[in-house]
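The values are calculated or read from the model by the stated rules, or taken from the named source; none is laboratory data. Just so it is clear, the structure is predicted and the values come from calculations on it, not from any experiment. Neighbour counts are summed over all protein chains in view; Cβ atoms, including those assigned to glycine, are modelled from backbone coordinates with ideal geometry.
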Amino acid sequence: MKRILFAMILIPLVCTAASAEWQSDFKENYISRGIDQAVKVALQDGVDPDAITGQGRSLAGLSPQTLVKALYCAGVRGQDIRDAAANNGISDSNVTAGYKMSLAECRDAVAESKGYTPVAEGFAGSRRTRTRAGGKGKTYGSPSTFQ
């Protein structure tokens, strides 16, 4: 019985110490190596995007857009980023701005999460060119003319 009681007391203490350790490592990495590397290291250590977002919000001088950009550049799925942002008080406009920043800085890393992005990149349809009797082609924008 004493062992069970001891284990019940010890487990939360160990978990709290591990939590405090990754948070201090995250802050040290942010200061010394930048937010992009701090996020990558935290993800490699198994920290979820929600916890990273919460910790990132407490760092002085770090904008929400830059934090979101770092998550996208680290390859986190867009839906996970939006969920973490919503849970930590980051607006949709900040998520969109962070996404756009990530496209400018690390487009290749973001490509994997493209299906979960918060904004549309443009009109997805293609245009069809019809040739008139005079031989000149005319482009129509109607959906009925798409191939």
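Give me the residue from the stretch 25-79 that is among the polar types (S, T, N, Q), in a helix (DSSP H, G or I) and over 23 Å from D108 (Cβ atoms) and, out of that set, farthest from the chain's Cα centre (by Cα).
The first filter runs over the stretch 25-79 and keeps only residues among the polar types (S, T, N, Q), leaving 29, 32, 37, 44, 53, 55, 58, 63, 65-66, 79.
Restricting the remaining residues to those that are in a helix (DSSP H, G or I) gives 29, 32, 37, 44, 53, 55, 65-66, 79.
If we keep only those that are over 23 Å from D108 (Cβ atoms) too, we end up with 32, 55.
On the way: S32: 22, Q55: 14 Å.
Selected residue: S32.
Does D83 qualify as being of a type in the set (D, E, K, R), modelled with pLDDT under 95 and part of a helix (DSSP H, G or I)?
So D83 does not fit the description; no.
If the condition is being of a type in the set (A, V, I, L, M, F, W, C) and over 24 Å from D92 (Cβ atoms), then the stretch 15-37 contributes C15, A17, A18, A20, W22, F26, I31.
When the residues of the stretch 53-73 are narrowed to those that are crowded, with 24+ Cβ neighbours inside 10 Å and among the small types (G, A, S), which ends up farthest from Q37 (Cα to Cα)?
So in the stretch 53-73, the residues crowded, with 24+ Cβ neighbours inside 10 Å come out as 53, 56, 67-72.
Going one step further and asking which of them are among the small types (G, A, S), we end up with 56, 70.
Working: G56: 13, A70: 8 Å.
Ranking the qualifying residues of the stretch 53-73, first place goes to G56.
One residue stands out among those in the stretch 80-103 that are within 19 Å of Q55 (Cα to Cα), under 9 Å from the mean Cα position of the chain (by Cα) and not aliphatic (A, V, I, L, M): the one that is surrounded by the most Cβ atoms within 10 Å (Cβ to Cβ), which is G98.
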